[in-house]
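Trainee: Below are the structure tokens for one structure; questions will follow.
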Amino acid sequence: MTNLTDLGIAAIRDGFKAGDFTARDVASAFNDAVAGAKALNAFIVETPEIALAAADQADKDRAAGTLKPLSGVPIGMKDLFATKDVQTTAASHILEGFVPQYESTVSGKLWNAGAGMLGKLNLDQFAMGSSNETSFFGNVISPWRRNNGDTAALAPGGSSGGTSSAIAARLVPGATGTDTGGSIRQPAAFTGISGIKPTYGRCSRWGIVAFASSLDQAGPMARDVRDCAILLENMAGFDPKDSTSLDLAVPNWEAALSSDLKGKRVGIPKEYRVDGMPAEIDALWEQGIAWLKDAGAEIVNVSLPHTQYALPAYYIIAPAEASSNLARYDGVRYGLRDLPDGANLQDMYAATRAAGFGDEVKRRILIGTYVLSAGFYDAYYTQAQKVRTLIARDFDQAWEKCDLLLTPTAPSAAFGLGEKSDDPLAMYLNDVFTVPTSLAGLPAMSVPGGLDALGLPLGLQIIGKALDEQTVLNAGLAIEERAGFTARADKWW
Amino acid sequence: MSESTYRIQGTTGEWEVVIGLEVHAQVTSNSKLFSGAAASFGAEPNTQVSLVDAAMPGMLPVPNAECIRQAVRTGIAIDAQINRWSRFDRKNYFYADLPQGYQISQLYHPLVGEGHLDIDADEKAGILEAKRIGVERIHVEQDAGKLMHDQHPTRSYVDLNRSGVALMEIVSRPDMTSPAEAGAYLRKLRAILRYVGSCDGNMEEGSMRADVNVSVRRAGEELGTRTETKNVNSVRFVMQAIEHEANRQVDVLEAGGKIVQETRLFNPDTGTTRSMRSKEDAHDYRYFPDPDLLPLELTEAFVEECRASLLELPDAKRARYVDVLGISAYNAAVLTAEVETARWFEALLKEGAEAKQAANWVMSELFGALNRLGKSIEDSPVSPAQAAELLTLVTDGTLSGSLAKQVFEKMLETGDSAGTIVERDGLKQTSDTGAIEAVIADVLAKNPGQLEQYRSGKEALFGFFVGQTMKAMAGKANPAVVNELLKKALG
């Protein structure tokens, strides 16, 4: 019998349906893998009993002939999604011990589709970070190591670092992520897996701890493109409880998957050739172009002239929204309360928030508060919104010449933990290729393309037109088929 | 447009007062502005709180169309511009009664733009002519919760029932120049809100509160520095707050001081205001567009539906009462001042009462009785249908005015209909000339002295004979017939 944890979502779904194994077998195998991977610190809460209960239900449903789309499939849930009766922390001390009385729309959809929960996955605190070093519950370690004998712990990317690490280490076959400026795509690239951020509004934000409301978007991460399509179909959909949710039917992305790109024009944006980018990434990009050409696509050069302003605009808009979104964590109603002796209300706020938020969260709250302040608002926030409009226009103009864009996902392979944590600007630069898409609300995905000289995965990013996740997935599939990426991290944990 | 005659007499001369009001009116709606929780008054603490109102992690606001509709209807009622495109902004500040850490409001693009309402002349109050008061804008926003400091010796409690309830902030132009004008504006605004049905106008329960902006200046000078007195919750208190604040400012200025732009609090027990915080301490609210909400775009059809849903408003109604129904201007003003009164009065007309007679009867008899009983017109023990029956009995001669009063009293006591009471108690008036003539003869015979005086020219005694005759007939004689026959008998 194959090792069940080597199976992806589609393989588990189909094998379970065919009677090759029970759902309980699957859940148990993954539960064991999770229990044996403490060294990766990918989980904040493990929920083996919930995974087993869902599996037992799936086994009953199979016997009764009432299978659901994800029956028998256990997954991980990023700890930014509120899960009823299961602690939800956003990896912050300020929410430690918080147990929601409600279920986020996206997680609820997945459970209704028959999926089971293996646990709540670690992340950068409030999804703020690109290396998973800002979690109150400790760094997540990537299962990957450099092939030069160096055993330095590497970053799994962020903010969905628990998700990427767990998938790459075969602790879960797939899991949810959220992406505000690259938090699905960059960790996927760092760990050799796939992840898609759908069009803003495809997935409900209801019940997801907010970071930057106008950018936050949930999406799936998994081992391959098909698995991403399957999960996304069961996450997306209109939600009247989210005013920014799109009232559109969910396409049958999996069924329409096709790696034939005939008639598609792929744009290569010249502004994404940045100084100091490793030659290997440039080479992979060229390889990706060749693969898409091979799949029948036509390659065109395009320009996204305002790209260089995207990162500064993002680091104004996202902190501005965050500074307001995080005001609710005040020690009054739930979560941490630090009430020094003789403290008044202001003292309680100060003590609670000082103790509850990590440094990166505080940094962004300060930036956000500053850029929204009287006298600075126009120079920063208003200006950043104008840039955002120009970025979106860049893409609109590009779509006159092409149907999708191909770029590297990140300007480097995974770096070592601690290497950039003292330099916020260097850390922010990691998002340079992913942020413009977020500002424009477009669908984008990262798929693994190959390994660098140190044996670390590199990802390629496909960006599509609004609502055209299908073309993005199809191009991802075309690369996946040609890249033949089978490398995996050797188990050391 | 004439200015009011209101002036503050300082030791160095006269000062004018300039007043603007920001009224917070709670929108009448079953649920809150952005959540499905109930919005009614007086429930047990924290029983009307949704996950959204408590700002639980990941909760999102969804606009309640009914609240938007009510604000648009209010805007139409004050002839204001309805903005087809508006947007919600966050006003950020920390307080324990504000779960989100921000209030969702509309700073940059309010739902309703420039409008106005007219206040009436009131010579007694020093308002010499009717005056138009500009309304700069109406925006919708969330109310905060309530802190309770009297539940525990060292702790404060928070009640979130009000948290998220929809408010309209109605911002006037600084067009008022006396406490009386401000009072008239508030009363008129309250009447309009109640006619529209967008706010119950109940100031005691906090459904309507005013922030009062006051400054003083010498005639013809530039506007002075203003202060803002927050959350004043009755018309009388608003007028008191203005009076006190204007006089205080004059005292400061005449003593060589300067007015500080600041927020003040009104103390209803003393009728005075005191400083709460100065501009330097003012919050930086860091307003920015709420990214959880899309801009609010209204269709023409929605606005038209709002317009069509509005019933006749007080000014139009009053004009119609005068012009079409022939009711006196004073009566028309009183009958239309409150929507409940107008509604009752129009029900009375619908039951067949004649307008002028009905107006007089409501103004004197009904109001008198309600006043005595301490009841509002909605709780009147006599229904419009019952009142119409009573008035018909007067019109058709069955009852005299004084008999009608007696019957009405019995109606109030027993709840019986006028017809029943007339039949049962034999209160019908009589026009039987033979019977009346016999009584007159008897009265004249019994009062020879008065008869003598009358005939020698003291004609005022005519009323005496009418009274005696009516008394002898237990009030049931038709007064017109009595008059006529008495004149004949006294020759």
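Quick note: the coordinates plus some simple rules give every number you see, no bench work behind them. Quick caveat, the model's predicted, so the values are computed rather than measured. With ideal geometry, Cβ positions are generated from the backbone for all residues, glycine too; neighbour counts draw on all protein chains shown.
Trainee: On a 0 to 90 degree scale, rounded to 10, what angle separates helix B:479-490 from the longest Cα axis of chain B?
Mentor: Computed tilt is about 40 degrees.
Trainee: In debye, nearest 20: dipole of the stretch B:332-491 around its Cα centre with unit charges on the Cβ of K, R (+) and D, E (-)?
Mentor: Details: 16 positive and 21 negative charges, 128 e Å.
With Lys and Arg at +1 and Asp and Glu at -1, about 620 debye.
Trainee: Where the only charges are on Cβ atoms (+1 Lys, Arg; -1 Asp, Glu), what is the dipole of the stretch B:312-425 about its Cα centre, to the nearest 20 debye? Intermediate values should be presented prior to the final figure.
Mentor: Numbers: 11 positive and 18 negative charges, 50 e Å.
Roughly 240 debye, rounded to the nearest 20.
Trainee: Quick check on my link table: of B:LYS428/B:LYS471; B:LYS405/B:LYS471; B:LYS91/B:LYS146; A:LYS109/B:LYS32; A:LYS197/A:LYS420, which ones sit more than 21 Å apart, alpha carbon to alpha carbon? Intermediate results must be reported in sequence, preceding the final value.
Mentor: Working: B:LYS428/B:LYS471 15 Å; B:LYS405/B:LYS471 16 Å; B:LYS91/B:LYS146 18 Å; A:LYS109/B:LYS32 27 Å; A:LYS197/A:LYS420 25 Å.
Too far apart for the 21 Å limit: A:LYS109/B:LYS32; A:LYS197/A:LYS420.
Trainee: Going by average Cβ neighbours within 10 Å, how do the peptides B:143-154, A:108-119, A:365-376, A:458-469 rank, with the highest at the top? Don't skip to the end; give the middle numbers.
Mentor: On the way: B:143-154: 12.8, A:108-119: 23.5, A:365-376: 17.5, A:458-469: 25.0.
Ranked by mean Cβ neighbours within 10 Å, highest first: A:458-469, A:108-119, A:365-376, B:143-154.
Trainee: Under the classification rounded if a/c is under 1.5, otherwise prolate if a/b is larger than b/c and oblate if not, where does chain A fall, given a ≥ b ≥ c as square roots of the Cα gyration tensor eigenvalues? All intermediate terms of the calculation are to be shown ahead of the outcome.
Mentor: Numbers: a/c = 1.42, a/b = 1.04, b/c = 1.37.
Rounded.
Trainee: Now, a different point. Report, as an integer, the average count of C-beta atoms from other chains found within 10 Å of each Cβ along A:202-208.
Mentor: On the way: counts 0, 0, 1, 3, 6, 6, 3.
Shielding by partners across A:202-208 averages 3.
Trainee: Report the FRET efficiency, 1/(1 + (r/R0)^6), for A:LEU390 and B:THR263, where r is their Cβ-Cβ distance and R0 is 45 Å, rounded to 0.05. Could the numbers behind the result be given before it?
Mentor: Working: r = 40 Å, r/R0 = 0.90.
Working from the Cβ atoms, E equals 0.65.
Trainee: With a ≥ b ≥ c the root eigenvalues of the C-alpha gyration tensor of the stretch A:314-457, is it rounded (a/c under 1.5), prolate (a/b larger than b/c) or oblate? It would help to have the intermediate numbers written out before the result.
Mentor: Values: a/c = 2.82, a/b = 1.58, b/c = 1.79.
Oblate shape, in that a/c is at least 1.5 and b/c is the bigger or equal ratio.
Trainee: Could you point to the residue in A:THR437, A:GLN57, B:GLY164 farthest towards the positive end of the protein assembly as shown's charge dipole, with +1 and -1 charges on the Cβ of Lys/Arg and Asp/Glu respectively?
Mentor: Highest projection toward the positive end goes to B:GLY164.
Trainee: Note the full-extension length gain between B:THR433 and B:VAL252 as 0.36 nm times their separation in residues minus their Cα-Cα distance, in nm to one decimal. Each step should come with its number before you reach the end.
Mentor: On the way: separation 181, 0.36 × 181 = 65.16 nm, distance 7.79 nm.
My answer for the length gained is 57.4 nm.
Trainee: Stretched out fully, how many nm does the piece from B:GLU123 to B:SER275 gain, at 0.36 nm a residue minus the Cα gap?
Mentor: Once the chain is fully extended between B:GLU123 and B:SER275, it gains 51.3 nm.
Trainee: Can you work out the FRET efficiency for the pair A:ASN3 and A:ALA249, with r the C-beta to C-beta distance and R0 = 51 Å, to the nearest 0.05?
Mentor: Values: r = 38 Å, r/R0 = 0.74.
Using R0 = 51 Å, I get an efficiency of 0.85.
Trainee: For B:HIS244, what charge total do you get from the other residues with a beta carbon under 11 Å from its beta carbon, if Lys and Arg give +1 and Asp and Glu give -1? Let's see the in-between values first.
Mentor: Numbers: positive: B:ARG248, B:ARG264, B:ARG274; negative: B:GLU243, B:GLU245, B:ASP251.
Every neighbour counted, the sum reads 0.
Trainee: What's the average, rounded to a whole number, of partner chain beta-carbon atoms within 10 Å of each residue's beta-carbon in A:318-325?
Mentor: Values: counts 0, 0, 3, 6, 0, 5, 11, 8.
Shielding by partners across A:318-325 averages 4.
Trainee: Straight-line reach from A:LYS386: which lysines have a Cα under 21 Å away, not including same-chain ones fewer than 8 places off?
Mentor: Output for A:LYS386: A:LYS465.
Trainee: Report the relative contact order of the stretch B:230-312, percent, no decimals, based on alpha-carbon pairs under 8 angstrom and at least 6 residues apart. Intermediate values should be presented prior to the final figure.
Mentor: Values: 53 pairs, mean separation 19.0, N = 83.
Once normalised by length, the contact order is 23 percent.
Trainee: Distance from the Cα centre of the stretch A:4-77 to that of the stretch B:323-356, in angstrom?
Mentor: For the stretch A:4-77 versus the stretch B:323-356, the Cα centre distance is 75 Å.
Trainee: Local charge sum around A:GLY331 (other residues, Cβ-Cβ under 9 Å, Lys/Arg +1, Asp/Glu -1)? Can you show the working numbers first?
Mentor: On the way: positive: A:ARG333, A:ARG337, A:ARG353; negative: A:ASP330, A:ASP338.
Here the charged neighbours net out to +1.
Trainee: Hey, got the dipole for the stretch A:38-157? About the Cα centre, +1 on K and R Cβ, -1 on D and E Cβ, debye to the nearest 20?
Mentor: Details: 10 positive and 12 negative charges, 61 e Å.
With Lys and Arg at +1 and Asp and Glu at -1, about 300 debye.
Trainee: Next question, about the same structure. Hey, how many Å between the Cα centroid of the stretch B:242-313 and the Cα centroid of the stretch A:219-270?
Mentor: Measuring centre to centre over Cα atoms gives 48 Å.
Trainee: Of A:ILE44, A:TRP253, A:TRP493, which is farthest towards the positive pole of chain A's charge dipole, taken about the Cα centre with +1 and -1 on the beta-carbons of Lys, Arg and Asp, Glu respectively?
Mentor: Towards the positive end, the residue furthest out is A:TRP253.
Trainee: How high is the FRET efficiency between B:GLU340 and B:GLU409 when r is their beta carbon distance and R₀ equals 22 Å, given to the nearest 0.05? Can you show the working numbers first?
Mentor: Details: r = 23 Å, r/R0 = 1.05.
Given R0 = 22 Å and the Cβ-Cβ separation, E is 0.45.
Trainee: Based on the mean of other Cβ atoms within 10 Å per residue, sort peptides A:256-263, A:65-72 so the most packed one is first. Mind showing how you got there, number by number?
Mentor: On the way: A:256-263: 14.2, A:65-72: 18.2.
Ranking the peptides A:256-263, A:65-72 by packing returns A:65-72, A:256-263.
Trainee: Report the GluC sites (Glu not before Pro) located in the stretch B:1-100 that are in a DSSP loop and have at most 14 other Cβ atoms inside 10 Å of their Cβ, or state none.
Mentor: Sites meeting the loop and neighbour criteria: B:GLU3.
Trainee: Once the dipole of the protein assembly as shown is set up with Lys and Arg at +1 and Asp and Glu at -1 on Cβ about the Cα centre, which of A:ILE391, B:VAL49, A:GLY455 lies farthest towards its positive end?
Mentor: Positive-end residue among those listed: B:VAL49.
Trainee: Assuming a ≥ b ≥ c are the square roots of the Cα gyration tensor eigenvalues, decide whether the stretch B:132-289 counts as rounded (a/c under 1.5), prolate (otherwise, with a/b larger than b/c) or oblate.
Mentor: oblate
Trainee: Now a separate question. Per residue of B:93-101, what is the mean number of Cβ atoms on other protein chains within 10 angstrom of that residue's Cβ? If you can, show how the numbers build up before the last one.
Mentor: Numbers: counts 1, 8, 5, 7, 1, 4, 6, 5, 10.
Per-residue shielding by partner chains comes out at 5.
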